[in-house]
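To start, the structure itself, in structure tokens.
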Amino acid sequence: MPTVKVRNIKNEEIGEVELSDAVFGAPLNEGLIHAAVRNFMANARQGTSATKTRGDVSGAGRKLWKQKGTGRARIASLRSPLWKGGGNVHGPQPRDWSYSMPRKMRHGALRSALSERLREGNVFVVDGWSLDKPKTKDFSLSLTKLGLGGKTLIVDSLENDNLVLSARNLRHTKVVNSFGLNIYDLLYHDQLVLSREAATELEQLLGGNGQGKGEVPITGAVAESPEEESTSNATESTGEAA
């Protein structure tokens with residue numbers, strides 16, 4: 001099992017934590033990660049781009065001149081796509097770009113990305129972000145003491161108001177909880193900082209045995225109770241007598 005040193009916000013080593021092999025020891029699967037990123041970006045699209053067709057633009061509906069005899073090109077309407085100011089043909093229309101991805105594939109992509117970040121040495125475990133007040137200067141100073149620079153993703157409880165308020169003014173720092181961790185943020189940020197509680201929650205969320213929620217494994221045949229057995233025997237004897 002991989003082991004990571006636990007530090008406080010003063011960069012003092014206070015212990016170690018063992019991470020699960022199922023979550024932080026998975027092999028790299030680039031194809032699965034790519035599919036998860038495409039799914040995330042597609043679900044984030046607004047899908048509001050639109051162009052006006054000939055039925056949406058303004059213009060008269062009458063025929064401007066007769067079909068033959070003028071020497072000019074025939075015309076049916078000013079709103080035709082052939083004319084300036086006319087409608088657009090086959091342009092984008094509002095649509096829903098989102099699609100679903102199996103839960104096992106999403107979790108597998110997260111496990112693969114987390115494991116790769118750990119192998120790179122960019123996963124840090126902090127005992128807790130105990131800030132006295134929501135002040136960006138104090139939070140930035142704690143990041144400097146920990147040696148964290150650049151794009152940093154912090155996974156902690158969103159109930160830590162001082163941390164959330166202090167980090168939202170920094171451009172390259174983002175705070176999420178264990179349930180809000182997604183594949184895009186994990187790849188966009190170069191460094192990942194976990195609290196002890198967040199590491200435990202991620203192991204519980206992503207380290208399942210593959211069974212669905214509420215499913216009960218079937219280990220064998222269910223034995224009949226004495227009452228059911230006697231009833232079945234009586235029914236068989238009655239049938240033979242008949």
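The values are calculated or read from the model by the stated rules, or taken from the named source; none is laboratory data. Computed from a prediction, not measured in an experiment: that's the story for all the values here. When we count neighbours, we look across all protein chains shown, and the Cβ atoms used for this are built from the backbone with ideal geometry, even at glycine.
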* Does Ala42 satisfy the criteria of being at pLDDT 90 or above, in contact with a Leu (Cβ under 9 Å, 6 or more places away or on another chain) and surrounded by 14 or more Cβ atoms within 10 Å (Cβ to Cβ)? -> no
* Asked: Taking region 183-202 as the region of interest, how many residues are surrounded by 17 or more Cβ atoms within 10 Å (Cβ to Cβ) and assigned to a loop (DSSP other than H, G, I, E, B)?
  -> 1
* Under the condition of being small (Gly, Ala, Ser) and either not assigned by TED's automatic domain parsing to the domain that holds Ala199 or not in a loop (DSSP other than H, G, I, E, B) (or both), which residue from region 15-46 is farthest from Ser98 (Cα to Cα)? -> Gly15
